Amino acid sequence: MANETGMLADRIAIITGAASGIGAGIMQKFLDEGARVLGVDLPSERWSNDDRPNDGLVRFAIDVTLDEAPQEIVKAAIHAFGSIDILVNNAGISPPGGAADTSDELWRKVMALNVDAVFRLTREAVPYLKKSDNARIINTGSIMSELAGPGIIAYVTSKHAVAGMTKAMAVDLGPFGIRANFVQPGAIVTPLSEAHMADEQFVEYWNRKIPLGRLGKPADIAPVVAFLASPMADYVSGEGLRIDGGATCNM
Ligand code: NAD
């Protein structure tokens, strides 16, 4: 890529939800910037376990909500690269369900991935992050980490939890030199938002609300995550960074 600077040269990163959308964008940017990456996603035709790094990437296929997932993921990263500097907890889902009709099952499914898996994988990675000179945790929140949208109560709750959890991580792990931040994407065109993007009113609403005049794309999020992971963001911790084209400051 023309604008690569090697700002993550030789850093070792774990990125969850790396097969698609925002996670795939982050993974590509990290590789372009010189990081070596364990990319984690659900097992599928496009995502299976690699035996060895390929251009700095090792794909690891697992459901991050499984009990054993944190241990397996950290073990795979250490096996592939020997250390961990950066953990990007990005995998998430946003199934429809409002305050009056969300089932227990849906609620638990969203919390298991968007909240529990973030906490559990981070806890498992902490002993290795403590050994890094430049440790970073970056969680994918949302503009729904501070606002609510209609018909996605479990998602809104989970992303508010990501905000609180990241701040608690920053406080608890700062003394070990570990910085923890979260990004807050706005309306980004990915497979996760595909159903909404098919709704003309939804797209029209956002196009009117976004001062920069367009919906976002994974490539709008990835460089900001790379910045937070880089030495340039050395004194940034406990922060949530909105990346929404200005939408949420526009009444
Ligand atoms: P996406 O659906 O394109 O990608 C999510 C990835 O996570 C997929 O590859 C999926 O297979 C993987 N995944 C899902 N469940 C998993 C599991 N149990 N174990 C392992 N991997 C799993 O979605 P996206 O839009 O790129 O979303 C990524 C993150 O960004 C999510 O946390 C989402 O909440 C957040 N986000 C998205 C938007 C948006 O508009 N797209 C806005 C704000 C925040």
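The values are calculated or read from the model by the stated rules, or taken from the named source; none is laboratory data. As the structure is a prediction and not an experimental result, all values here were calculated from the model. Here the Cβ is made from the backbone with ideal geometry for all residues, glycine too, and neighbour counts use every protein chain on show. The accessibility values were calculated without ligands, DNA or RNA, using every heavy atom of the protein model including side chains. Shrake-Rupley method; radii C 1.70, N 1.55, O 1.52, S 1.80 Å.
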Inset, instruction - Specify the residue that is nearest to the chain's Cα centre (by Cα); the eligible residues are those in region 205-229 that are of a type in the set (Gly, Ala, Ser) and part of a helix (DSSP H, G or I). - result: Ala222
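A quick yes/no check of all residues on (1) surrounded by 15 or more Cβ atoms within 10 Å (Cβ to Cβ); (2) among the small types (Gly, Ala, Ser); (3) not in a helix (DSSP H, G or I):
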residue	(1), (2), (3)
Ala80	yes, yes, no
Val88	yes, no, yes
Ile93	yes, no, yes
Ala99	no, yes, yes
Lys109	yes, no, no
Ala112	yes, yes, no
Val118	yes, no, no
Asn134	yes, no, yes
Leu147	no, no, yes
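On the basis of being of a type in the set (S, T, N, Q) and in contact with a strand residue (DSSP E or B) (Cβ under 6 Å, 6 or more places away or on another chain), does Ser44 make the cut?
Numbers: of a type in the set (S, T, N, Q): yes; in contact with a strand residue (DSSP E or B) (Cβ under 6 Å, 6 or more places away or on another chain): no.
When the stated conditions are applied, Ser44 does not pass them.
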Legend entry - Cross-chain or 6+ apart pairs with Cβ under 7 Å, region 33-54 first and in a loop (DSSP other than H, G, I, E, B), then of a type in the set (Lys, Arg) and open to solvent by less than 70 Å² (accessible area, probe 1.4 Å): Ala35/Arg11; Trp47/Arg59; Ser48/Arg59; Asn49/Arg59; Asp50/Arg59
Legend entry - Hits in region 137-163 (condition: of a type in the set (Gly, Ala, Ser), more than 15 Å from the chain's Cα centre (by Cα) and away from the ligand (no atom under 11 Å from the Cβ)): Ala148, Gly151, Ala154
Inset, instruction - Would you check which residues across region 16-52 are touching a helix residue (DSSP H, G or I) at 6+ places or on another chain (Cβ under 6 Å), open to solvent by 10 Å² or more (accessible area, probe 1.4 Å) and farther than 13 Å from Phe81 by Cβ and list them? - result: Gly17, Ser20, Gly21, Ile22, Gly25, Lys29
Legend entry - Single residue of region 154-200 satisfying the filter (open to solvent by 20 Å² or more (accessible area, probe 1.4 Å) and among the charged types (D, E, K, R)) that is farthest from Phe119 (Cα to Cα): Glu200
Legend entry - Tabulated pairs, region 206-227, first farther than 20 Å from Pro191 by Cβ, second among the aromatic types (Phe, Trp, Tyr), C-beta under 9 angstrom, 6+ apart or interchain: Ala226/Phe30
Legend entry - Selection within region 10-29 - within 15 Å of the ligand (Cβ to nearest atom) and either in a strand (DSSP E or B) or farther than 24 Å from Ser94 by Cβ (or both): Ile14, Ile15, Thr16
Legend entry - Val74 being closer than 22 Å to Arg123 by Cβ, within 13 Å of the ligand (Cβ to nearest atom) and open to solvent by less than 20 Å² (accessible area, probe 1.4 Å): no
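Find the residue count for region 86-104, including only residues that are small (Gly, Ala, Ser), over 9 Å from the mean Cα position of the chain (by Cα) and within 14 Å of the ligand (Cβ to nearest atom). Spell out the reasoning first.
Applying the first criterion (small (Gly, Ala, Ser)) to region 86-104 yields 91-92, 94, 97-100, 103.
Keeping just the survivors that are over 9 Å from the mean Cα position of the chain (by Cα) gives 94, 97-100, 103.
Filter once more, so that each one left must be within 14 Å of the ligand (Cβ to nearest atom): 94.
Going through region 86-104 one residue at a time, the tally reaches 1.
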Legend entry - region 11-26 residues that are at positive phi, paired with ones that are near the ligand (Cβ under 6 Å from one of its atoms) and in a loop (DSSP other than H, G, I, E, B) (beta carbon under 7 Å, 6 or more apart): Gly17/Asn90; Gly17/Ala91; Gly17/Gly92; Gly21/Thr190
Legend entry - Those residues of region 230-251 which are over 17 Å from Asp85 (Cα atoms), part of a helix (DSSP H, G or I) and open to solvent by 30 Å² or more (accessible area, probe 1.4 Å), in sequence order: Thr248, Cys249
